[in-house]
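Have a look at the structure below, then the notes.
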Amino acid sequence: MIPEDERLIYELSRGNREALRKIYMKYKDSLLTIAAAMLNDSAAAEDILHDVFITLARCAKRLELRVNLKNYLIASIANKVRDKYRKKTHTLLELEKAGHISSQSHDPEKSAIFDEQFRLIADALYKLPFEQRESIILHITGSMKFREIAKMLKISTSTVQGRYRYGIDKLRKELIGDNKDESRR
């Protein structure tokens with residue numbers, strides 16, 4: 001674990017609210033992006049993010065991390081998202097409302113192109129089965145290794161890799177199309 005995170009967890013376990021604030025500020029953006037990408041609902045993503053930090057604050061004295069803090073928090077987010085899907089209470093909104101991914105360009109034309117490309121990718125991503133979308137988002141956005149995702153989900157690494165591969169293939173077909181048929185004409 002990162003020494004700074006160890007210190008913050010120790011301070012949090014001693015009731016230091018500033019430590020919780022520092023952990024929140026350090027990880028909130030990446031966690032919110034992951035939750036919003038998985039849910040396609042920014043309000044629900046924020047609720048889940050806050051639930052995870054409330055739980056962290058309540059359980060800090062009993063917390064024994066077996067992985068680094070970032071992966072622990074990502075796993076907590078993913079578990080809350082899965083719980084939400086099980087309850088069937090999610091609603092789908094456009095991913096742009098997550099407000100986290102935007103063009104770095106100040107050029108309106110480039111920004112418009114980026115927004116359109118982003119919308120196409122987001123739409124294609126939400127057509128995937130949840131398990132495939134989860135594997136892709138945790139691997140790419142969460143920067144988690146396949147074995148870390150497998151351990152978190154309590155499935156085999158090859159299952160995670162398969163979900164990822166099939167999901168990427170479906171995204172490719174959705175975004176690029178099946179050019180084999182067109183090239184024969």
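Over 29 Å between C-alpha atoms is what I'm after, so list which of 22/170; 28/127; 22/127; 26/170 land there. Beyond 29 Å: 22/170; 22/127; 26/170.
If you filter segment 1-91 for trypsin sites (Lys or Arg not before Pro), then keep DSSP loop positions with at most 15 other Cβ within 10 Å, what is left?
Working: sites: 7, 14, 17, 21, 22, 26, 28, 58, 61, 62, 66, 70, 80, 82, 84, 86, 87, 88; in loops: 14, 66, 88.
For trypsin sites (Lys or Arg not before Pro) across segment 1-91 that sit outside H, G, I, E and B with at most 15 neighbouring Cβ atoms in 10 Å, the list reads 14, 66, 88.
Approximating the spin labels as points 7 Å out from Cα along Cα→Cβ, the residue 64-to-residue 16 distance works out to 2.3 nm. Calculated FRET efficiency, residue 85 to residue 112, Cβ-Cβ distance, R0 = 25 Å: about 0.15 to the nearest 0.05. Once the 1.4 Å probe is applied to the protein heavy atoms, segment 1-65 comes out at 54 Å² accessible per residue. Taking a ≥ b ≥ c as the square roots of the eigenvalues of the Cα gyration tensor, an a/c ratio of 1.5 or more together with a/b larger than b/c marks segment 109-176 as prolate.
The values are calculated or read from the model by the stated rules, or taken from the named source; none is laboratory data. All values reported here derive from a predicted model rather than from experimental measurement. Cβ: placed from backbone, ideal geometry, glycine included. Neighbour counts: every protein chain shown. Protein only, heavy atoms only, side chains kept; ligands, DNA and RNA dropped before computing areas. Shrake-Rupley method; radii C 1.70, N 1.55, O 1.52, S 1.80 Å.
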